[in-house]
Amino acid sequence: MKKKNLLRNFTRNIIRLINSRVTLDKKIVSTVGLIAPIVLFVLFALIPLFELIAALTGLDFVIGGPMLLALLLMLLSLAAAAFFAIFKPEISKVNEFLLLFALPLGLVSAISFATGSNKWAVIPMLIALSCLLSLYNHFVPDGNIKAASAVASVLLTMALGVIWAWGILSGIFVSELVVDSEYISIDGQYKAEVCIDDSLLSSKTVVRIARTDAEFGVIVGRFYKKSAIVYEGEDYEYKTVQINWLDETTVIINGREYSVN
């Protein structure tokens with residue numbers, strides 16, 4: 001009799017443990033289902049936000065470690081898509097709204113990657129966008145707002161394709177400037193860079209003025225003051241061009257003064 005009671009109590013305790021575990025799992029699923037759309041929205045909104053700030057302030061925004069960042073966004077998007085596909089949590093109206101705009105924001109981010117230093121970072125971004133698309137189609141209800149968002153997403157996808165293709169082709173036909181030498185200003189805040197532009201379409205020497213340091217850094221990149229080309233010459237001039245700083249904001253190039261302001 002005692003053995004039966006012990007067995008019965010043991011069984012009850014196991015059932016209680018399993019029930020508590022199921023309840024805990026449901027809470028975890030509900031919590032992750034609440035947080036995941038917020039995290040995705042914020043992450044994919046960061047780059048468009050910083051690009052907007054740069055445009056309004058006249059600065060350049062450069063993504064820091066574009067391939068690493070794109071891979072991180074891809075892995076998080078894959079994890080979120082897998083989680084929602086397996087556990088199928090319910091999401092709130094607010095999260096539906098966030099997923100509604102996460103897709104076009106992700107496309108704007110992908111365009112930023114396409115115009116950046118590592119064009120191939122677009123590939124993991126496309127995988128991330130496919131995950132966002134699956135969440136978008138599954139959770140966002142049909143309506144006029146979804147239709148408008150879908151049209152915007154299609155247009156942004158077309159723009160992404162054109163910009164990325166141009167970025168790849170421009171790497172063949174239009175070279176990026178290669179810095180041959182640089183001259184630091186008296187106070188160390190600016191530098192005159194002698195650059196070589198040698199591509200299939202042009203061959204010349206240019207001198208551009210840039211800051212020696214970033215204006216400030218943020219989570220996913222840095223803001224820089226825009227560089228400016230102040231001098232263009234023949235392709236061989238990078239060997240002979242004469243550059244001297246007159247003061248903190250005035251540089252002399254081949255005997256002619258140029259102001260950095």
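The values are calculated or read from the model by the stated rules, or taken from the named source; none is laboratory data. All of these numbers come straight from a predicted model, not from anything done at the bench. Because the Cβ atoms are built from the backbone with ideal geometry, glycine has one as well, and the counts that use them run over all protein chains shown.
One residue stands out in segment 226-261 among those that are acidic (Asp, Glu) and touching a residue at least 40 places away in the same chain (Cβ under 8 Å): the one that is surrounded by the most Cβ atoms within 10 Å (Cβ to Cβ), namely Glu248. Residues of segment 89-107 that are surrounded by fewer than 20 Cβ atoms within 10 Å (Cβ to Cβ) and within 13 Å of Leu156 (Cβ to Cβ): Phe101 alone.
Pairs meeting the criteria (first residue in segment 140-159 and assigned by TED's automatic domain parsing to the domain that holds Ile91, second residue of a type in the set (Phe, Trp, Tyr), beta carbons under 9 Å, at least 6 apart or on different chains) are Val140/Phe97; Ile145/Phe97; Lys146/Tyr136; Ser149/Phe101; Ser149/Tyr136; Ala150/Tyr136; Ser153/Tyr136.
Among the residues of segment 60-102 satisfying the criterion of being in contact (Cβ under 8 Å) with a residue 60 or more places away in the chain and among the β-branched types (Val, Ile, Thr), which is nearest to Cys131 (Cα to Cα)? Checked segment 60-102; the qualifying residue nearest to Cys131 (Cα to Cα) is Ile63. Residue check: is Val260 closer than 30 Å to Ile53 by Cβ and under 33 Å from the mean Cα position of the chain (by Cα)? When the stated conditions are applied, Val260 passes them.
Applying the criterion of being among the polar types (S, T, N, Q) and without any contact (Cβ under 8 Å) to a residue 60 or more places away in the chain to the residues of segment 103-126, the residue that is nearest to Leu160 (Cα to Cα) is Thr115. Pull up segment 237-261, narrow it to residues that are charged (D, E, K, R) and not in a strand (DSSP E or B), then point me to the one that is modelled with the highest pLDDT. Applying the filter and picking the extreme gives Asp247.
Yes or no, residue by residue, for (1) within 30 Å of Leu68 (Cα to Cα); (2) part of a loop (DSSP other than H, G, I, E, B):
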| site | (1), (2) |
| --- | --- |
| Val207 | no, no |
| Ala214 | yes, yes |
| Glu232 | no, no |
| Asp235 | no, yes |
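Ile163 falls short on exactly one of the conditions (1) in a strand (DSSP E or B); (2) under 21 Å from the mean Cα position of the chain (by Cα); (3) at pLDDT below 85; (4) not charged (D, E, K, R), and that condition is (1).
Would a scan of segment 40-51 turn up a residue that is of a type in the set (D, E, K, R), assigned to a helix (DSSP H, G or I) and over 24 Å from Thr115 (Cα atoms)? Among the residues of segment 40-51, not one is of a type in the set (D, E, K, R), assigned to a helix (DSSP H, G or I) and over 24 Å from Thr115 (Cα atoms), which makes the answer no.
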